[in-house]
1. When the residues of region B:85-131 are filtered to those that are aliphatic (A, V, I, L, M) and part of a strand (DSSP E or B), which remaining residue is surrounded by the most Cβ atoms within 10 Å (Cβ to Cβ)?
2. Going by the conditions given, is A:His153 under 30 Å from B:Pro154 (Cα atoms), more than 14 Å from chain B (Cβ to nearest Cβ), surrounded by fewer than 16 Cβ atoms within 10 Å (Cβ to Cβ) and more than 13 Å from the chain's Cα centre (by Cα)?
3. Among the residues of region B:188-204, how many are in a strand (DSSP E or B), open to solvent by less than 40 Å² (accessible area, probe 1.4 Å) and either farther than 16 Å from A:Leu214 by Cβ or away from chain A (no Cβ under 11 Å) (or both)?
4. With the structure loaded, tell me whether A:Gln166 is farther than 25 Å from B:Asp204 by Cβ and surrounded by fewer than 21 Cβ atoms within 10 Å (Cβ to Cβ) or whether it fails that test.
5. Return the residue satisfying two criteria in turn: it lies in region B:156-187 and is in contact (Cβ under 8 Å) with a residue 60 or more places away in the chain and of a type in the set (S, T, N, Q), and of such residues it is farthest from the other protein chains (Cβ to nearest Cβ).
6. Between B:Arg175, B:Arg180, B:Arg184, which is surrounded by fewer than 21 Cβ atoms within 10 Å (Cβ to Cβ) and out of contact with any strand residue (DSSP E or B) (no Cβ under 6 Å at 6 or more places or on another chain)?
Number of protein chains: 2
Amino acid sequence: MLFFTQCFGAVLDLIHLRFQHYKAKRVFSAAGQLVCVVNPTHSLKYAPTRCAVAQTSTEQGGLPPCQHHEAVHDPQLVPCTCPLFSCPWEGHLEVVVSHLRQTHRINILQGAEIVFLATDMHLPAPTDWIIMHSCLGHQFLLVLRKQEKYKGHPQFFATMMLIGTQTQAENFTYRLELNRNQRRLKWEATPRSVLECIDSVISDGDCLVLNTSLAQLFADNGSLAIGIAITTSKVHNSEAEI
Amino acid sequence: MLFFTQCFGAVLDLIHLRFQHYKAKRVFSAAGQLVCVVNPTHSLKYAPTRCAVAQTSTEQGGLPPCQHHEAVHDPQLVPCTCPLFSCPWEGHLEVVVSHLRQTHRINILQGAEIVFLATDMHLPAPTDWIIMHSCLGHQFLLVLRKQEKYKGHPQFFATMMLIGTQTQAENFTYRLELNRNQRRLKWEATPRSVLECIDSVISDGDCLVLNTSLAQLFADNGSLAIGIAITTSKVHNSEAEI
């Protein structure tokens, strides 16, 4: 009897520890879907001219960021820079995930469908909310940015990038969905490669765009929930599913 | 034999006439879905302060536009103004459809699902593309507007309004969908009442909003195709389906 009581106690402890672990990571499951609470990243500074500057430095023998490197046979060995503009890091695709986790403390989530819950939407632009999303054998970077494209009128831009080459990215489709107050907004597209500049994707507006008033209609208590789903867009890639 | 030849000729003539009729109306069916080619309305001038002005005139005994009139028992007898800002017409809800058709020559289309094909997207702002859509026993007004909310940056705003009261509008859900170049954008919401100001819906941004670059990605040869679907959002209204 004592043995069973101890076993039961151990199970309870394990459940409690598991709960504490999830609470600490601020990742929890609600209504059967994984919800990730994402706090804003205040420290990122924007340098929209970095691509041009880097392009110039290439001519002087530097590493060429924001370009396709399909000539390298192993995609993991493609040279790339950190997709976050404040960071001077340069390396290869195979280590960019470790760099984002270790240096920028960006969480990585598993699962084909998750909910990205961005907190403190009221913070002034520029502000970023970033997570990594691991599914279908690849890692994706979701960036929600509050930015003043037109002075005095902040907008929200959300896009998903594959941590891989553009050729690999073309095998996937991502969906972002907002649903609240009898309104639903869905955006589906092919992810861009992390080798491209996030800034150019956002300045082109080739992403989910929300003005502040619409974002408020979708927000709940200052937080914006974005449902994310990734699927393979080509049949031959279906075996990559995990 | 001659009889059959004549019959066949008559059938061919009928098919030709039918084709000419559709061509003349610039409404045709493609891929099993009704496609309506909508030309821009250049003549509309915007007077965003009209609501405020009209509100003032109410105090002087004028007709109160841009307000709910739920106190009138028969929704058809609710007083209303023309939803197009250039027009001083005032009347009742039951005759606003005739006014829009006769005075503004706005086409009316039947069917729960249609494709709205707006031509000449390159025209400078402000420009409107407008049709009426008849389904589920009601008439709806679809407005696509190109407007410079931020000076020098035209955007496209699309919304659907019920030609009825707000209480009636709450029984429906409309969906606007853009689909091209491996991108899909869907907007679902409850239609507003035509008794409200279109301008306030657009200035609030509580509608489908597209910047010019995204509109170009969805456009084909200068035309933007928007799929439209209307459904009843309440069970008790399902018998209204036609």
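The values are calculated or read from the model by the stated rules, or taken from the named source; none is laboratory data. Predicted, not measured: the structure shown is a model, and the values here were computed from it. Cβ: placed from backbone, ideal geometry, glycine included. Neighbour counts: every protein chain shown. Accessible surface areas use protein heavy atoms only, side chains included; no ligands, DNA or RNA. Shrake-Rupley method; radii C 1.70, N 1.55, O 1.52, S 1.80 Å.
1. B:Ala118
2. So A:His153 does not fit the description; no.
3. Residues in region B:188-204 being in a strand (DSSP E or B), open to solvent by less than 40 Å² (accessible area, probe 1.4 Å) and either farther than 16 Å from A:Leu214 by Cβ or away from chain A (no Cβ under 11 Å) (or both): 1 in total.
4. The answer is yes for A:Gln166.
5. Filtering first and then ranking leaves B:Thr165.
6. Answer to the check: B:Arg180.
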